[in-house]
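What follows is one structure encoded as structure tokens, with my remarks underneath.
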Amino acid sequence: MSDVLRVLWTIVPQTAPQPWLPCSRCHNSRAFRSSDKFRINANGKRLDAWLIYNCTACGNTWNRPLLERRTVNGISPEFLAQLQANDPETARRLAFDLGGLRTKAQKVETFPQALVQKTLMSGSAQTAGRLEIDFAVPVAVSLRLDRLLAGELGLSRSRLQHLQNQGRLTLSPPRKGKLRNPPVDGMRMLIDLSQMSEAAAIAAAGVHG
């Protein structure tokens, strides 16, 4: 019988990044949040599309460009249908596109808060000698991996780093920065629980939190 406890963690960030922009109504720089609504304008065979943001202080709007003077034939029919329907999943995905947002605003505020949904894949917390966690990250998060693990597993960040230095905590694929970086979709982590006095508690936390 395998002593590996396999768990899937789905990381769901709670607050989308917010660009700071000059607000014409506030006469000051303010944070703007996504309204999850799109605006589309057609001019002949060309389209412009925006994701609408609102000032968090006064509600004034800012239209974040998504498509500019694009021909209809050059746009995916599926994406166009999502824009026209104000598809909430599409709006959420674009609102969390930090890289794209940073091309439109000099300052973008990020929020580390995230929910962790844990699904047992195989094994038992009572007999686990190793904890294997697969990460599903549907949209990018800004929460550092070591902070996430510390909160979910009850291990200090220094202890996590020590385990990694000993080779008892490994990440696949290896990434520059490792524990200091946010988790990414498809990442896998393995922790050797042998010779750890709190092994049962860590294994249980890996499944139930």
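The values are calculated or read from the model by the stated rules, or taken from the named source; none is laboratory data. Note that the structure is a prediction, hence the values are computed from the model and not measured. Note that each Cβ is placed from the backbone with ideal geometry, even for glycine, and that neighbours are counted across all protein chains shown. To get the accessible areas, we keep the full protein, side chains included, count just its heavy atoms, and leave off ligands, DNA and RNA. Shrake-Rupley method; radii C 1.70, N 1.55, O 1.52, S 1.80 Å.
Structural remarks
- The convex hull of the Cα atoms of the stretch 89-157, projected and averaged over all directions, covers 6.5 nm².
- Zero-based 10 Å bins, Cα pair distances in the stretch 1-67, whole percents: 18, 32, 22, 12, 8, 6, 1
- Measuring max minus min along each principal axis, the C-alpha atoms of the chain give extents of 68, 39, 28 Å (largest first).
- Sites residue 33 and residue 195, calculated FRET efficiency, Cβ-Cβ separation with R0 45 Å, nearest 0.05: 0.40
- Net charge of neighbours whose Cβ lies under 10 Å from the Cβ of residue 192, counting Lys and Arg as +1 and Asp and Glu as -1: +2
- Each other residue within a Cβ distance under 10 Å of residue 112 adds +1 if Lys or Arg and -1 if Asp or Glu, for a net charge of +2.
- Sorting 146, 87, 185 by solvent-accessible area of protein heavy atoms yields 185, 87, 146, largest first, with a 1.4 Å probe.
- The chain - mean residue ellipticity at 222 nm from DSSP helices (-39,500 (n - 2.57) per run, n ≥ 4, rounded to 500): -6500 deg cm²/dmol
- Centroid-to-centroid, using Cα positions, the stretch 130-157 and the stretch 35-81 are 34 Å apart.
- Principal semi-axes in Å for the stretch 147-209 [√(5λ), Cα gyration tensor, largest first]: 18, 13, 11
- As a fraction of the 1.4 Å probe accessible area of the stretch 76-192, surface on carbon and sulfur atoms comes out at 49 percent.
- Here residue 127 sits with roughly 80 square angstrom of accessible surface, probe radius 1.4 Å.
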